[in-house]
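S.K.: The structure that follows is given in the form of structure tokens.
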Amino acid sequence: MKKPPAKFIGFFKLIEAMKLPGCPVCARIIEDTRHAMDGFLYESVNDAGLRDQIRNDRGLCHRHSWQLARFGDALGSAILFRDVLGAVLPSLGGARASSRFRKPPARLGAQVCLFCRQEEKSHEGLLWHLVAHVDDPELNAAWEGPAVLCIGHLGDLCGRLREDAERRRMIDMHRGKYRALCDEMGLLIERQSHDHRLEEIGPEKNSWIRAIEALVGRSGIS
């Protein structure tokens, strides 16, 4: 009998994320990135190797620059962005400097930065857990809760599953969850009518937000 793969801390963090509504992969990527930014500001902002890498990247991408700013760490941010701004001064007006600081359309040609790579690492690790433990009783029990992958991460997962039966099971399960979400939005729409104006709105009140997440992923993920 084949020995099941070992369970690491990432697996158990994923199981915890699955106790809440929404895409657990999105949720874990956001939390992993937040943790990486926190560690960078408080432990690694003076790391010479990382600073060289960030200078070569011409800073952080648009999204991660503003996410870092929301930490409110003036000292760490000043150290980082003074370094980057100073590095681009000699090439002002050149195509490379200008293109790096112009917000790109969609993802085409988007700047890849330190935290973009961190997100990709988290993404691959999370999908590994979902694939490696696809038949694990603990993971299957977690799927019975409110968690539902966004369509993008469902596609990523199905592309990595080896067996057709595994893909069909995952797609059928999510199709049921998406249909239930559509039913919730239908109930929300019904509750807005004059005939139901006095009825209390229940969990369906944020179904439209969960639908956006299902379609495009959680806010903060590109």
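S.K.: Restricting attention to the stretch 144-153, does a residue exist that is assigned to a helix (DSSP H, G or I), more than 17 Å from residue 218 (Cβ to Cβ), out of contact with any strand residue (DSSP E or B) (no Cβ under 7 Å at 6 or more places or on another chain) and not basic (Lys, Arg)? Step through it out loud before you land on a result.
M.R.: Step one: list which residues in the stretch 144-153 are assigned to a helix (DSSP H, G or I), which gives 151-153.
If we keep only those that are more than 17 Å from residue 218 (Cβ to Cβ) as well, we get none.
No, because not a single residue in the stretch 144-153 is assigned to a helix (DSSP H, G or I), more than 17 Å from residue 218 (Cβ to Cβ), out of contact with any strand residue (DSSP E or B) (no Cβ under 7 Å at 6 or more places or on another chain) and not basic (Lys, Arg).
S.K.: Is the stretch 23-36 home to any residue that is part of a helix (DSSP H, G or I), touching a Ser or Thr at 6+ places or on another chain (Cβ under 6 Å), within 20 Å of residue 88 (Cβ to Cβ) and touching a residue at least 40 places away in the same chain (Cβ under 8 Å)? Walk me through how you get there before you give the answer.
M.R.: Within the stretch 23-36, the first condition is being part of a helix (DSSP H, G or I), and the residues that meet it are 24-36.
Okay, now just the ones that are also touching a Ser or Thr at 6+ places or on another chain (Cβ under 6 Å), so 29, 32.
Narrowing the set further to residues that are within 20 Å of residue 88 (Cβ to Cβ) leaves none.
Within the stretch 23-36 (the criterion being part of a helix (DSSP H, G or I), touching a Ser or Thr at 6+ places or on another chain (Cβ under 6 Å), within 20 Å of residue 88 (Cβ to Cβ) and touching a residue at least 40 places away in the same chain (Cβ under 8 Å)), the answer is no, since none of the residues qualifies.
S.K.: Go through the stretch 7-37 residue by residue and tally those that are touching a Phe, Trp or Tyr at 6+ places or on another chain (Cβ under 7 Å) and not hydrophobic (A, V, I, L, M, F, W, C).
M.R.: Here the count works out to 1.
S.K.: Which one is farthest from residue 115 (Cα to Cα) among residues in the stretch 69-101 that are of a type in the set (D, E, K, R) and modelled with pLDDT under 90? If you could, list the steps in order and put the result at the bottom.
M.R.: Let us first name the residues in the stretch 69-101 that are of a type in the set (D, E, K, R), namely 70, 73, 82-83, 96, 100.
Subsequent filtering for residues that are modelled with pLDDT under 90 retains 96, 100.
Numbers: 96: 20, 100: 16 Å.
Here the residue is 96.
S.K.: Still on this structure, I have one more. From the residues in the stretch 45-68 that are small (Gly, Ala, Ser) and not in a loop (DSSP other than H, G, I, E, B), which one is modelled with the highest pLDDT? I'd like the intermediate steps shown before the answer.
M.R.: Residues of the stretch 45-68 that are small (Gly, Ala, Ser), as a first pass: 48-49, 59, 65.
With the extra rule that they be not in a loop (DSSP other than H, G, I, E, B), the set shrinks to 48-49, 65.
On the way: 48: 89, 49: 91, 65: 94.
Here the residue is 65.
S.K.: Residue under question is residue 20, and the condition is that it be part of a helix (DSSP H, G or I), hydrophobic (A, V, I, L, M, F, W, C) and either under 30 Å from residue 145 (Cβ atoms) or modelled with pLDDT of 95 or more (or both); does it hold? Walk me through it before giving the result.
M.R.: Numbers: part of a helix (DSSP H, G or I): no; hydrophobic (A, V, I, L, M, F, W, C): yes; either under 30 Å from residue 145 (Cβ atoms) or modelled with pLDDT of 95 or more (or both): yes.
So residue 20 fails the test.
S.K.: So, in the stretch 77-93, how many residues would count as being part of a helix (DSSP H, G or I) and over 24 Å from residue 120 (Cα atoms)?
M.R.: Applying the first criterion (part of a helix (DSSP H, G or I)) to the stretch 77-93 yields 77-91.
Next, from what is left, pick out any that are over 24 Å from residue 120 (Cα atoms): 78-79, 82-83, 85-91.
Going through the stretch 77-93 one residue at a time, the tally reaches 11.
S.K.: So, of the residues in the stretch 18-29 that are among the hydrophobic types (A, V, I, L, M, F, W, C) and buried (at least 19 other Cβ atoms within 10 Å of the Cβ), which turns out to be farthest from residue 124 (Cα to Cα)? Steps first, please.
M.R.: Filtering the stretch 18-29 down to residues among the hydrophobic types (A, V, I, L, M, F, W, C) leaves 18, 20, 23, 25-27, 29.
Filter again for buried (at least 19 other Cβ atoms within 10 Å of the Cβ), leaving 18, 23, 25-27, 29.
Working: 18: 17, 23: 15, 25: 10, 26: 12, 27: 14, 29: 10 Å.
Per the stated criteria, the residue is 18.
S.K.: Just one of 204, 124, 200, 184 is modelled with pLDDT of 95 or more and not β-branched (Val, Ile, Thr); which is it? Before the answer, list the steps.
M.R.: Working: 204 fails: modelled with pLDDT of 95 or more; 200 fails: modelled with pLDDT of 95 or more; 184 fails: modelled with pLDDT of 95 or more.
Just one listed residue meets the conditions, 124.
S.K.: May I ask you to list the residues in the stretch 121-169 that are touching a Cys at 6+ places or on another chain (Cβ under 7 Å), over 16 Å from residue 16 (Cα atoms) and in contact (Cβ under 8 Å) with a residue 24 or more places away in the chain? Show your work before the answer.
M.R.: Within the stretch 121-169, the subset touching a Cys at 6+ places or on another chain (Cβ under 7 Å) is 148-150, 153, 167.
Now drop any that are not over 16 Å from residue 16 (Cα atoms), which leaves 150, 153, 167.
Selection gives 150, 153.
S.K.: So is residue 5 modelled with pLDDT under 95 and either at positive phi or not aliphatic (A, V, I, L, M) (or both) or not? Please lay out each step first, then the result.
M.R.: Numbers: modelled with pLDDT under 95: yes; either at positive phi or not aliphatic (A, V, I, L, M) (or both): yes.
Taking the combined requirement at face value, the residue satisfies it.
The values are calculated or read from the model by the stated rules, or taken from the named source; none is laboratory data. Please read these numbers as outputs of a predicted model, since none were measured by experiment. Cβ atoms come from the backbone with ideal geometry, glycine included; neighbour counts cover every protein chain shown.
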